[in-house]
Amino acid sequence: MSGKRVTRVPVMTTDEEAEAFLDQDLSDLDFSQFKPLHLELRPKTERVNMRFPKSLLDAARAKAEAEGIPYQRFIRRAVEMALAAPPDAKKRKAG
């Protein structure tokens, strides 16, 4: 080991704890512990009722749990990602 001190982010439950943590020198902060955060800012105004095979819903729930998010948010994000993806080049040529 190089002996360099690595700052880990502690679990904080109050604003005061967060402010105290941010008041220190964070130049040696271990950024590998961070993960992207997707904020859902738009209100959900429409409802969708769908039927899935149990195996597909179970797989979505398991993936959502592994990511630490509700399964409905996981499914909504999957739909958003599918709609944001560029069209498949093969499908464009076939049309």
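Net charge dipole, the chain: roughly 1240 debye, given to the nearest 20, about the Cα centre with Cβ charges of +1 for Lys and Arg and -1 for Asp and Glu.
Kirkwood hydrodynamic radius computed over the chain comes to 18.1 Å, based on all pairs of distinct alpha carbons. Taking only C-alpha pairs under 8 Å that are 6+ residues apart, what is the relative contact order of the chain in percent? It comes to 17 percent, rounded to a whole number. How much length, in nm to one decimal, is gained on full extension between V79 and E46, taken as 0.36 nm per residue of separation minus their Cα-Cα distance? So the chain would gain 10.4 nm between V79 and E46. Across the chain, the longest run free of exposed loop sites, meaning GluC sites (Glu not before Pro) lying outside DSSP classes H, G, I, E and B with no more than 13 other Cβ atoms within 10 Å, spans 47-95. Of the chymotrypsin sites (Phe, Trp or Tyr not before Pro) found in the stretch 29-73, those that fall in a DSSP loop while having at most 14 other beta-carbon atoms within 10 Å are F34.
The numbers here are math on the coordinates, done by the rules we state, and not lab data. Since this is a predicted model, take the numbers as computed values, not measurements. Cβ atoms come from the backbone with ideal geometry, glycine included; neighbour counts cover every protein chain shown.
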